[in-house]
1. Can you name the residue in the stretch 98-120 that is among the β-branched types (Val, Ile, Thr) and farther than 14 Å from Leu53 by Cα and is also nearest to the chain's Cα centre (by Cα) among such residues?
2. From (1) at pLDDT below 95; (2) not assigned by TED's automatic domain parsing to the domain that holds Met129, pick out the condition that doesn't hold for Val183.
3. Only one of these conditions is not met by Trp35: (1) at pLDDT 90 or above; (2) crowded, with 23+ Cβ neighbours inside 10 Å; (3) more than 15 Å from the chain's Cα centre (by Cα). Which number is it?
4. Can you confirm whether His320 is at pLDDT below 95 and under 20 Å from Cys344 (Cβ atoms)?
5. Quickly run through the stretch 305-314 and pick out the residues that are of a type outside the set (S, T, N, Q) and either in a strand (DSSP E or B) or touching a helix residue (DSSP H, G or I) at 6+ places or on another chain (Cβ under 9 Å) (or both).
6. Go through the stretch 70-112 residue by residue and tally those that are of a type in the set (Val, Ile, Thr) and in a loop (DSSP other than H, G, I, E, B).
Amino acid sequence: MAERALSLGKVQNLRVAARHIDGALVPAGTVFSFWKQVGRATRRRGFVAGRELREGCLVPSVGGGLCQLSNALYDAALRAGFDIVERHAHTAVVPGSLAAVGRDATVFWNYVDLRFRAPVDVRIECALMSDSLVVRYWGSAAGNPVLAATEVATMTQPVPVVVTAVPSVAKPLSAEMTAVSVVTPIPSVPVAGSLGDCASCGIEQCFRHAVVDRHDVGFERTAFLLDSYWPEFDAFVTSAARQRDLVFVPIDGRRRGTRNYRWSTSSVGDVRESLLLALLRAYRSRQMAHHGAARQRLLLSEARRMAQSFARRLPYDVRHLVVMQHLLPGLVAGGDLGGRSTTC
């Protein structure tokens, strides 16, 4: 449990960085740079303290854990046959990681970078799933099949390495393709061994020591993202919610006496509103005199706005979301479901 806060922080850092990597275009012959694409990891940009391997020790650091992403990018680049321009190995080997097989690439702002060059135009896809990080390259060469490599790095328990070749269903950029999928074990739990660990080693006089903040994380809370009142859904929320969980609603109807949002929120300790957005939505809705396509487009657009308003205030220790279904598209578009499980 001492390490859990930093593991949750690592997932948050991957969630933020994946948004900057996903959809990146690398023209043929140009150099891709990890730091140029991701940018500096600061709290202002949404990064938090995660585990960083520094001089043989695991220490808390803002942006810690991003090496899982650089590892995946590097391993997939090797499998795709790209030209590696810059790559640095870690200072220590964590058993079960890509460093154990010499396929890791550490990064440190702003002078330790991962850079590579592709012989063809490449589009990078990066997605954080509920328990894995997926990196995929798409590209094509004239007269040849589309070249791709996929790296799937698990964030839970180790799994066997599996290599498969399967036909692609999509046709990115051009032509048909064969995708190479690689599943590699990268555990997110603490690894016993010779590595020092600021969360548990107890040696505070060490010059590498950094304080692990364990007080801003509720250890895997659930957040309920709700909209207009629904009696059956309300009964489920009442039975499932705990005091440490969060409820997000447009308006706290119980407190403000609004019937449309009279959710039972007494069982949770944290209720968060999007009051201004809810009032603007109501005003815009009343401007639509009749039902029809325009009104439906407005409702869909407002649902996305509401979902993204909730997502911006989600603490990173929220590992499970209970979401009303019409709010899902906004969460998917923002990449906010990554590293979290979901119930609709």
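1. Of the residues in the stretch 98-120, the ones among the β-branched types (Val, Ile, Thr) are 101, 106-107, 112, 120.
Within this subset, residues satisfying the condition of being farther than 14 Å from Leu53 by Cα are 101, 120.
Details: Val101: 25, Val120: 28 Å.
The residue in question is Val101.
2. Tallying (1) at pLDDT below 95; (2) not assigned by TED's automatic domain parsing to the domain that holds Met129, Val183 fails exactly one: (2).
3. With respect to (1) at pLDDT 90 or above; (2) crowded, with 23+ Cβ neighbours inside 10 Å; (3) more than 15 Å from the chain's Cα centre (by Cα), Trp35 is out only on (2).
4. Spelling it out, His320 is indeed at pLDDT below 95 and under 20 Å from Cys344 (Cβ atoms).
5. Filtering the stretch 305-314 down to residues of a type outside the set (S, T, N, Q) leaves 305-307, 310-314.
Within the stretch 305-314, Arg305, Met306, Ala307, Phe310, Ala311 qualify.
6. Applying the first criterion (of a type in the set (Val, Ile, Thr)) to the stretch 70-112 yields 84-85, 91, 93-94, 101, 106-107, 112.
With in a loop (DSSP other than H, G, I, E, B) added as a condition, the list becomes 91, 93-94, 106-107.
So the answer is 5.
Let's see how each residue does on (1) in a helix (DSSP H, G or I); (2) in contact (Cβ under 8 Å) with a residue 12 or more places away in the chain; (3) not small (Gly, Ala, Ser):
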| residue | (1), (2), (3) |
| --- | --- |
| Leu279 | yes, no, yes |
| His291 | no, no, yes |
| Arg295 | yes, no, yes |
| Ala303 | yes, yes, no |
| Leu321 | no, yes, yes |
| Leu331 | yes, yes, yes |
| Gly338 | no, yes, no |
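Matching residues to (1) surrounded by 21 or more Cβ atoms within 10 Å (Cβ to Cβ); (2) within 22 Å of Arg103 (Cα to Cα):
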site	(1), (2)
Gln12	yes, no
Asp22	no, yes
Thr42	no, no
Val48	yes, no
Ser61	yes, no
Gly64	yes, yes
Asn71	yes, yes
Ala77	yes, yes
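The values are calculated or read from the model by the stated rules, or taken from the named source; none is laboratory data. These numbers were taken from a predicted model, which means no experiment stands behind them. Heads up, the Cβs are rebuilt from the backbone with ideal geometry, glycines too, and the neighbour counts pull from every protein chain shown.
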